[in-house]
Amino acid sequence: MSDLPAVLVGTAPLSPADVVAVVRHGAPVVIDPDALERVAATRSVIDGLAADPNPHYGVSTGFGALATTFIAPDRRRQLQASLIRSHAAGTGPEVEREVVRGLQLLRLQTLASGRTGVRPVVVETYAALLNAGITPIVREYGSLGCSGDLAPLAHIALATMGEGEVRVHEFRSSSERRETESVPASEALAAAGIEPLTLVEKEGLALINGTDGMLGMLVLALHDLEELLITADIAAAMSIESQLGTDAVFAADLMALRPQVGQAASAANLRAFLGDSPIVHSHKGPEDGRVQDAYSLRCSPQVHGAARDMMGYAATIAGRELASVIDNPIITIDGRIESNGNFHGAPVAAVLDFLAISVADVASVSERRTDRALDPARNHGLPPFLADEVGVDSGLMIAQYAAAGIVSELKRLAAPASVDSIPSSAMQEDHVSMGWAAGRKLRRAIDGLGRVLAIEILTGARALDLRAPLEAGPATGAVRDLVRTVAAGPGPDRFLSPDMEAVTALVQSGAIARIAKEHVK
């Protein structure tokens, strides 16, 4: 079990930090006893409807296009099991562990709300799987984002029944874990002392109607982008500094003339990262001769800031969704069972797409700054491609190619998934959100952004070294020194890929952002 404190489920909406702690770092979950009492009280409503000879959707009928088919009491357990087995129809590569745990945790939160009609044992079983590190194998393709993430959630439910395949993760600490090969769910449950579920009326639907997959990916994306945008600011600072750019354009009074919140935050970072730079101060004054820097340097706060503002809106949507109870049908507080459309993923899908656009834009301007650093016509005195022996060495020429190739892919990934819809279930589900697909491509885009920023930082670090004896500022110098712990400085050409991968690891771990923040006043 992880060394992190337990996260309480069932009293209030989960915070984004709670989600990250559980799904990424293995924090245990604890169910609030009051929540279990609410769950039991709501279950009594379902038990009453199950005894009613009149049909009730999801309790005594089939599902989707088969909603008008009445199911006799002696066939309903088979109905629930059949629903889960048939809907666990994912295909393709395995989905990442943290995304699967997000599915488990966020569905657990809804089940613990007391509005879905499941029995307390279902809530307890979902918590037990999380705490035991049992991660069902979920496949890449299968969800249309309406009714929610049906296929991915069905794979989770299947494992609670002791069917399908799982992996078992042992969290030795918040940063250390061990993963098993895939094993049958029945074996993993038996080893953990967890009794498989036999689902009864309404429970099958309650386990699969939700936006949990796309929401989990949104929460994780926002967490990662928080540090990546700080990293983008420090990368820009290294480029501006090493290319003899100016920080005057980031002045607070200039930013106040256009009161965009994200732009102001990014500009404040750039002022902090560059304010004490000997390199920047070395060329201030009229003798500099340049009127203004190129857009990729001068407009960095505007581009990075737009992404920050989009994150703010996306965080608002994520917060609302974390406070939601999504199921169909739902049991209201006054005991009614009502069909609804809250499982439709449109709100989440849209912001996942918006973020992919912002990610592509930030990566694009980063690659342009890298390209300038390598061009002797624009880098103000640095050698071509920052090579050691020009003509013999290629320097960082192909590192920029890699960044350009990633940016090209990010532009393709920025094409929105949420504008697409393909009907399903015999036209009963005739408009879908494609939110799961939006989340999947955003995760790939965020990985790409980290790599593009790493290449800019690797380039900026070498360019700062080549400005010697001029010294870098405290923040940019600290980042350069951190880079030097994993990648050597200027010199003859060497195998470059390991350096790029090592700096990418620093970026994606948040180490670059942290050390930059530690070295500003």
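The values are calculated or read from the model by the stated rules, or taken from the named source; none is laboratory data. Since we're looking at a predicted model, the values are computed, not measured. With ideal geometry, Cβ positions are generated from the backbone for all residues, glycine too; neighbour counts draw on all protein chains shown. Accessible surface is based on the protein model in full, side chains and every heavy atom, while ligands, DNA and RNA are left aside. Shrake-Rupley method; radii C 1.70, N 1.55, O 1.52, S 1.80 Å.
With the Cα gyration tensor of the range 281-430 giving a ≥ b ≥ c as the square roots of its eigenvalues, does the rule (a/c under 1.5 for rounded; else a/b larger than b/c for prolate; else oblate) give rounded, prolate or oblate?
prolate
If I take the Cα coordinates of the range 1-110 and project them onto the principal axes, what are the three extents in Å, biggest first?
Cα extents, longest axis first: 50, 40, 20 Å.
How many angstrom lie between the Cα centre of the range 236-266 and the Cα centre of the range 317-367?
33 Å
What order do you get for 406-415, 263-272 when each peptide is scored by the mean count of other beta carbon atoms within 10 Å, highest first?
So the peptides 406-415, 263-272, ranked by packing, come out 263-272, 406-415.
Just the number, please: Stokes-Einstein D of the range 374-446 in µm²/s, Kirkwood Rh from C-alpha pairs, 4 °C, 1.567 mPa s.
D = 82 µm²/s.
Relative to the present Cα-Cα distance, how much length would full extension add between Val30 and Val392 at 0.36 nm per residue of separation?
124.1 nm
Accessible area per residue, 1.4 Å probe, Å², for the range 459-514: what's the number?
I get 41 Å² per residue for the range 459-514.
If I require 24 Å or longer along the helix axis, counting alpha carbons, and a Kyte-Doolittle average no lower than -0.5, what helices from the chain are left? Use full DSSP H segments.
33-50, 212-242, 300-322, 346-374, 397-413, 435-466
Could you state the number of Å between the C-alpha centres of the range 75-153 and the range 405-461?
Here the two parts' Cα centres lie 24 Å apart.
Considering only DSSP beta bridges with both partners in the chain, what is the antiparallel share in %, to the nearest 5?
Antiparallel bridges: around 75 percent, rounded to the nearest 5.
Divide by every residue of the chain the summed helix terms, -39500 (n - 2.57) for each DSSP H run of at least 4, and state the resulting mean residue ellipticity at 222 nm, rounded to the nearest 500 deg cm²/dmol.
Theoretical 222 nm ellipticity from helices: -17500 deg cm²/dmol.
I'd like the per residue volume of the convex hull spanned by the Cα atoms of the chain, given in cubic angstrom.
Convex hull of Cα atoms, per residue: 154 Å³.
About the Cα centre, and with charges only on the beta carbon of Lys, Arg (+1) and Asp, Glu (-1), how big is the dipole of the chain? Nearest 20 debye, please.
400 debye
Kindly rank 465-477, 206-218 from highest to lowest mean number of other beta carbons found within 10 Å of each residue.
Result, highest mean Cβ count within 10 Å first: 206-218, 465-477.
Under the rule a/c < 1.5 gives rounded, and otherwise a/b versus b/c splits prolate from oblate, where does the range 94-175 land using the Cα gyration tensor?
Because a/c hits 1.5 or more and a/b fails to exceed b/c, the range 94-175 counts as oblate.
When the accessible area of the chain is split by element with a 1.4 Å probe, what percent falls to carbon and sulfur?
Result for the chain: 56 percent of the exposed heavy-atom area is carbon or sulfur.
Could you tell me the calculated FRET efficiency between Lys284 and Asp375, based on Cβ-Cβ distance and R0 = 22 angstrom, to the nearest 0.05?
0.40
Rounded to the nearest 0.05, what FRET efficiency do Ala248 and Leu4 have when you use their Cβ-Cβ distance and R0 = 45 Å?
0.50
So how many Å³ per residue does the convex hull of the Cα atoms of the range 323-368 work out to?
Roughly 60 Å³ of hull volume per residue.
How far, in nm, would the chain grow between Ala72 and Asp334 when pulled straight, counting 0.36 nm per residue and subtracting the alpha carbon separation?
That pair, Ala72 and Asp334, stretches by 91.6 nm at full extension.
If you bin the C-alpha pair distances of the range 212-311 every 5 Å from 0, what whole percents do you get?
P(r) over the range 212-311, rounded to whole percents: 2, 13, 23, 22, 16, 10, 6, 4, 2, 1, 1, 0.
Given 0.36 nm per residue, what is the gain on full extension from Glu170 to Ser497 after removing their alpha carbon distance, in nm?
114.6 nm
Using modelled backbone amide H atoms (1.01 Å from N, in-plane), which distant-in-sequence or interchain residues come within less than 5 Å of Val7's amide H?
Val29, Val30
Let's test the formula: R0 of 22 Å, r as the Cβ-Cβ distance of Glu140 and Ser408. What FRET efficiency results, to the nearest 0.05?
Here the calculated transfer efficiency is 0.45.
With an 8 Å Cα cut-off and a minimum separation of 6 or more residues, compute the relative contact order for the chain in percent.
16 percent
Whole number in Å², please: accessible area per residue of the range 199-284, 1.4 Å probe, ligands, DNA and RNA not counted.
Here the per-residue accessible area is 28 Å².
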